[in-house]
Structure formats: structure tokens, C-alpha cells
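One structure below.
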Amino acid sequence: MTGQLHTKRLLSRQYRRVFSVINSQIHTSSGLAAKDHYKFLVLGGGTGGITMAARMKRKVGAQNVAIVEPSEVHYYQPIWTLVGAGAKSVASSGRSTASVIPSGVTWVRSKVAEFDPRNNVVHTDSGKKISYDYLIVALGLELHYEKIKGLPEGFDHPKIGSNYSVKTVEKTWNALKNFKEGNALFTFPNTPVKCGGAPQKIMYLSDAFLRKTGKRSKANIIYNTPSPKLFGVKKYADALWEIVKKRDININLRHNLIEVRADKQEAIFENLDKPGETKVYKYEMIHVTPPMGPPAVLKGSSLDDATGWLDVDKNTLQHKTYANVFGIGDCTNLPTSKTAAAVAAQSAVLDRTVSQILKKKTPDKMYDGYSSCPLVTSYNTAILAEFDYDGQPLETFPVDQSKESRIMYHMKADFMPILYWHGLLKGFWGGPGPLRTIMHLGMK
């Protein structure tokens, strides 16, 4: 009897191993792709790409969908704010790309090398040519640390970090926890950014950490931004100004970081109101938010606008020139904040747009520019900023969300990651629009 049980266990393990091998082959690589044409080709395996692949799978079947993505790991980047402050681990932010790509959808493990929308073809860097009926571009944006003199090589030194890269986010925490005395600098770039509130979040968290550890009296916290505003939406900007005044944080508007001398612990800023005038700041800690821009493969293609971003209709997310091309997320020229919350709302609109196009009907659902930024202000409080294209608050809850709230913090830290992995990436979460309607009794 014992021998039979042992044999059954061995067979069970063998079956599990076989199933694991079969399951790993469900996502075929570029060299093993069974075909070179798909009804829907999705470019990018970030938030927008995975979300739309899941939605298109339900619409046309997994065998008719492919996704082009070179990375082996998918990260939930919004949590890096808390990683940089020591409140979460970087390991908790990542999962294998294979585990988040919808089962049955073909995974082309390559980079996009060239677009040929006139012939409905995409070329990859592995030499593969893939044709499509419909194309969804979700390539995100690119970080450009190299546009700041002294970076990225400056990250080899201590006391400098950045929450915008998995390679440098833990350096932020090292700089913060080893802070002794002096200037703590936080920067914002003179370009479009993803999650425009993140450069401030780590500043507020650093202030809270230094207070908790008894070092705040020895710290001079400075936030330098090229923007003429502290935040783009007045209601939340007013609330944040009150916080920085209360916490004795120094804000310098119209100041742009142009150089870091990490060996000397110096940062050089240009005063944009007085071109050519620069100022050197010594620092004990600096958090750098890098300049950002559109994917290089988009710039100069027939799909971009004059600034290099994917040129889509702001209401329907359909490309302005090619009717079978669509865009979502950070790579687009949509005039709203580039956030995961924006992607969620966009995914619901794009899903409807595609459905209408497949039926040869006119798209009838309009994206209102909804975006959201949980502005973490301490280790247990946050302001939940929600707004539309016009910079007008578009709040979900029937309370004043410009007030610091413990509930909003726990939404950011604990609930939103679950919603991301199990709702958004599965194509089931399209933003809080329906919830907002209920909360406000049908009024905007």
C-alpha cells in the first residue's frame, strides 16, 4: 500500500512538471511563434499592453492576439514610492512577464524596431515581421537620466537615488536612512513625466522619516521644480502648499536640474526665469526624477505627432491617421497625467472603441481625461487627487479628497496593488467611473 502511494506521488509530480512545461509554452517566443499574422497585435507588456491583451483575448480569442515585449519581469511601479521610503520591498513590486500575459496569447519576446502602418506590419529587432488587422500601441515612455550631466554614472556614489527605476529605487532608501545633516534635495524634470506627484511623495515621506528618527531639525528639505506650480490642479496644489508651509519645506519653482556632481555631493540647477543663471546646491541626500520622453522607435515614425508621442484622438484613443491603430497609456499624446489610473479609465474607453470599429460603427464612448494621483504625505496619510482633461477635480468619493486621509493611504499602499494585479491586468477594472456615479447619485 505504501509503495502504491509513493508511486502515485511520483506520477503526480511528473504530471505537474509536464503541465508546467506545457504551460510555459503557451506564451510562444519570437523564435517559436506559430504564425506571423494576428487580428490584434499589442506592442508593450506594461500596464496598458497587458490590460488590452486581456480585453482583446475575450473579444476575439487568445489565438488571435499577440503581444510584443522584451522584458522578463513586469513591475507595479506605483509602489516604488513606498520602496524608496523603506515601507515596501522592491521584490513585492515585480512578477514574471509570463505570469501576467493572458494565457494563450502569443508572447513575442522582442523589441519593436520599425512600424509600417501602410502595410499593417511591425518589424522586431530579431528580424521578425508581424502583420495585423488591428494594432494597439502601449510602449510606455523612456527615462533619460543621461540628459542630466553626471548621470547615470553618478548613481555609483552614495546619497543619491531615484524611485523611477528598479536599479535605483533602493538607493533612495539607502540615502534616506543614512541621512545625517544637511540638504535633502528633491527634483522634478522639465519634460512630461509619469506619475507627476511621485517626486513630491518621496519628499513628504522623507520629511516624515526624518521626524520619526529625530533628524528633522538637522535637515533642510528642498524641492526644486521647473514648473510654475506645485501641482497642476489648483484644489490639490492649495492643499499641498499648506502642508509644505506647515512642515517647513522649501519650494523653488522654475528651477531645473542640469548637472549632478555626485563625487562632491553637488547639484546644479538652472533658473528658467533667468536663462543661463545657475545655482549650486550641496546635498546630504538627493532624489532625482529624470527627464522623460516618447519611445525612440515612435519618434520619426508615421505614427507620432510633432513631439514624438503617439498621435491619437483624445476622445476615442484611435490614431488620427490610421483607423486600425490605437494607443493607450504613457506613449500617447493625450493631454492628461500619465498614470496607471489613467490607463485604467482609457482601457474601458478603448475596449468600447474597438468593439464599435469591429462592428463598423462609429466610436461612441468618450475619454474625459480621467487621471488620479494618490499624493502620499506621510507613512499613514494621503491626498487622493482625481481630475479630468480640464484640470477639474473628478472625485470618486463624496468627501473632500484634498484633505489628508488615512483611508486614502491604505488604498494606495494595500488595496491598489491588489486591484492592479487581479483587476486591471485581467481587463476587469476600467476605472472608478461607475463607482463615482453611484457615490454621487448620478451627478458628476
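The values are calculated or read from the model by the stated rules, or taken from the named source; none is laboratory data. In this text, all values refer to a predicted model and were calculated from it rather than measured experimentally. Cβ placement follows ideal geometry from the backbone for every residue including glycine, while neighbour counts extend to all protein chains displayed. Protein only, heavy atoms only, side chains kept; ligands, DNA and RNA dropped before computing areas. Shrake-Rupley method; radii C 1.70, N 1.55, O 1.52, S 1.80 Å.
Check ARG16 against each of (1) of a type in the set (D, E, K, R); (2) modelled with pLDDT of 95 or more; (3) open to solvent by 70 Å² or more (accessible area, probe 1.4 Å) and name the one condition it does not meet.
Unmet for ARG16, out of (1) of a type in the set (D, E, K, R); (2) modelled with pLDDT of 95 or more; (3) open to solvent by 70 Å² or more (accessible area, probe 1.4 Å): (2).
Return the residue satisfying two criteria in turn: it lies in segment 58-72 and is without any contact (Cβ under 8 Å) to a residue 40 or more places away in the chain and under 30 Å from ILE202 (Cβ atoms), and of such residues it is surrounded by the most Cβ atoms within 10 Å (Cβ to Cβ).
My answer is SER71.
Determine whether SER217 is exposed (fewer than 14 other Cβ atoms within 10 Å of the Cβ) and of a type in the set (Gly, Ala, Ser).
yes
What number goes with the only condition from (1) open to solvent by less than 10 Å² (accessible area, probe 1.4 Å); (2) touching a Pro at 6+ places or on another chain (Cβ under 6 Å) that ASN190 does not pass?
Of everything listed in (1) open to solvent by less than 10 Å² (accessible area, probe 1.4 Å); (2) touching a Pro at 6+ places or on another chain (Cβ under 6 Å), ASN190 misses just condition (1).
Please specify each residue of segment 226-261 satisfying the condition of being in contact with a Lys or Arg (Cβ under 8 Å, 6 or more places away or on another chain) and crowded, with 19+ Cβ neighbours inside 10 Å.
PRO226, ALA239, HIS255, VAL260
When the residues of segment 114-169 are filtered to those that are part of a strand (DSSP E or B) and within 22 Å of the chain's Cα centre (by Cα), which remaining residue is nearest to ALA219 (Cα to Cα)?
ILE160
So, VAL280, is that one outside any helix (DSSP H, G or I) and either of a type in the set (S, T, N, Q) or closer than 30 Å to ILE328 by Cα (or both) or not?
No.
Hey, any hits in segment 318-327 for a residue that's of a type outside the set (Phe, Trp, Tyr), assigned by the TED database to the domain that holds THR225 and more than 19 Å from the chain's Cα centre (by Cα)?
No, that holds for no residue.
Which of the residues belonging to segment 33-53 are part of a helix (DSSP H, G or I) and open to solvent by 10 Å² or more (accessible area, probe 1.4 Å)?
Across segment 33-53, the qualifying residue is only THR47.
Is at least one residue of segment 187-201 of a type in the set (Val, Ile, Thr) and assigned to a loop (DSSP other than H, G, I, E, B)?
yes
Being at pLDDT 95 or above and farther than 16 Å from ALA342 by Cβ: is that true of ILE418 here?
yes
If you go through segment 262-296 one residue at a time, how many are surrounded by fewer than 18 Cβ atoms within 10 Å (Cβ to Cβ) and more than 25 Å from the chain's Cα centre (by Cα)?
15
Determine, yes or no, whether PHE179 is assigned to a loop (DSSP other than H, G, I, E, B), crowded, with 17+ Cβ neighbours inside 10 Å and assigned by the TED database to the domain that holds ILE249.
Against the criterion (assigned to a loop (DSSP other than H, G, I, E, B), crowded, with 17+ Cβ neighbours inside 10 Å and assigned by the TED database to the domain that holds ILE249), PHE179 qualifies.
Does ALA138 satisfy the condition of being surrounded by 15 or more Cβ atoms within 10 Å (Cβ to Cβ), modelled with pLDDT of 95 or more and either closer than 28 Å to LYS426 by Cβ or not assigned by the TED database to the domain that holds VAL65 (or both)?
Considered against the rule, which asks whether it is surrounded by 15 or more Cβ atoms within 10 Å (Cβ to Cβ), modelled with pLDDT of 95 or more and either closer than 28 Å to LYS426 by Cβ or not assigned by the TED database to the domain that holds VAL65 (or both), ALA138 comes out as yes.
If I ask for residues that are touching a Lys or Arg at 6+ places or on another chain (Cβ under 8 Å) and of a type outside the set (A, V, I, L, M), which ones from segment 392-435 would you list?
PRO393, GLU395, THR396, SER402, TRP421, GLY427 - these are the residues of segment 392-435 that are touching a Lys or Arg at 6+ places or on another chain (Cβ under 8 Å) and of a type outside the set (A, V, I, L, M).
Taking into account only those residues within segment 403-444 that are under 22 Å from PRO393 (Cα atoms) and among the charged types (D, E, K, R), which is surrounded by the most Cβ atoms within 10 Å (Cβ to Cβ)?
LYS412
Yes or no, residue by residue, for (1) buried (at least 24 other Cβ atoms within 10 Å of the Cβ); (2) in contact with a strand residue (DSSP E or B) (Cβ under 8 Å, 6 or more places away or on another chain); (3) not in a strand (DSSP E or B):
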residue	(1), (2), (3)
LEU298	yes, yes, yes
THR321	no, no, yes
SER347	yes, no, yes
ARG352	no, no, yes
ASP368	no, no, yes
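Would you point out which residue out of THR362, THR396, THR353, THR332 is among the polar types (S, T, N, Q), modelled with pLDDT of 95 or more and under 27 Å from MET292 (Cα atoms)?
Criteria check complete, one pass: THR332.
Report yes if LEU358 is open to solvent by less than 10 Å² (accessible area, probe 1.4 Å) and either in contact (Cβ under 8 Å) with a residue 24 or more places away in the chain or not assigned by the TED database to the domain that holds THR213 (or both), otherwise no.
Taking the combined requirement at face value, the residue does not satisfy it.
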